[in-house]
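Each remark here refers to the structure printed beneath this line.
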Amino acid sequence: MKTATRAAGRLVEAILAAILPADCLLCEQTLPWRQEGGVCPPCWERLPWAPGYRPRRGVLDALLWAADYDGPIRSLVHGLKFADMDALAPALGRRMASRLGPIIFGHRTDLIVPVPLHFWRRFRRGYNQAELLARAIARPAGLPLDIRAVRRRRAGRRQLGLSRLERRRSLAGCFAARPSRVRGRTILLVDDVVTTGATLEACARVLLHAGARRVVGCVLARTPKNM
Ligand SMILES: [Zn+2]
């Protein structure tokens, strides 16, 4: 019943959105006719991309990021996570891919895998933002995408506010990887934001255990100082 009400609510929102002019998610000016993902062209132009990468010791070979988790990037990630802004993800993902393309190529990855959401959370949100970003990266990179290589078995606790050790503990046993899909592959593991890296590391651990050769983490945004 709740789902039906929510679906009806979404339908009404979709109809209203089609009739009424909407505002840019970032500058709140009325959106022009030509716009992408609810953001106006000048705001897309002004996004403070800051791509980079850092080699790591441990289960992740390296971490790549397209921006810092701050300012307008932070607002867009919030839109993706909490405001049903799934139209935003392909537009963001394409731009993320164009910034990271050469770095991704340099790591010789041969399979793109998104960090999974628990099926119930995915069902309620209607999409997995990491999967939408991974899809947008896979296309221009010409790499295969496998959204079922890793599965989330438990939803896990909310990660916000937990220490690094607490995060690691709460994630133990959360993920399972399918050996037939990942054996011998060098995997680009995609997520929206990295804070301590505990989620990426938990996924990388099961991927390596299932026979993956190497795992490289790739995120839209990293919280400064933590990684
Ligand atoms: Zn704008």
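The values are calculated or read from the model by the stated rules, or taken from the named source; none is laboratory data. Remember, predicted model here, so these are calculated numbers, not experimental data. Neighbour counts run over all protein chains shown; Cβ positions are idealised from the backbone, glycine included. Calculation scope for accessible area: heavy atoms of the full protein, side chains included, ligands and nucleic acids excluded. Shrake-Rupley method; radii C 1.70, N 1.55, O 1.52, S 1.80 Å.
Given a 1.4 Å probe, how much area per residue of the chain is accessible, in Å²? Don't skip to the answer; put the middle values down first.
Working: 12440 Å² over 227 residues.
Computed with neighbouring chains in place, this is 55 Å² per residue.
Going 7 Å from the Cα of S75 along its beta-carbon direction, which residues of the stretch 198-227 have the amide nitrogen within less than 20 Å of the resulting point?
220-224
Residue by residue through the stretch 147-154, which ³J(HN,Hα) values in whole Hz follow from phi under the Karplus form 6.51 cos²θ - 1.76 cosθ + 1.60 (θ = phi - 60°), with glycine and proline marked x?
7, 10, 5, 10, 10, 9, 7, 10
How many percent of Cα pairs in the chain exceed 23 Å?
48 percent
Pulled fully out, how much extra length does the chain show between A7 and R213, if you take 0.36 nm times their separation in residues and subtract their Cα-Cα distance?
Roughly 69.9 nm would be gained on extension.
What angle do you read, to the nearest 10 degrees and between 0 and 90, between the alpha-carbon axis of helix 198-209 and the longest principal axis of the chain?
Relative to the chain, helix 198-209 is tipped by roughly 50 degrees.
Trypsin sites (Lys or Arg not before Pro) within the stretch 43-143: which are DSSP loop residues with at most 13 other Cβ atoms inside 10 Å?
R57, R108
Nearest-5 percent of antiparallel DSSP beta bridges in the chain?
35 percent
FRET efficiency for R34 and D68, Cβ-Cβ distance as r, R0 = 25 Å, nearest 0.05?
Computed FRET efficiency for R34 and D68 comes out at 0.35.
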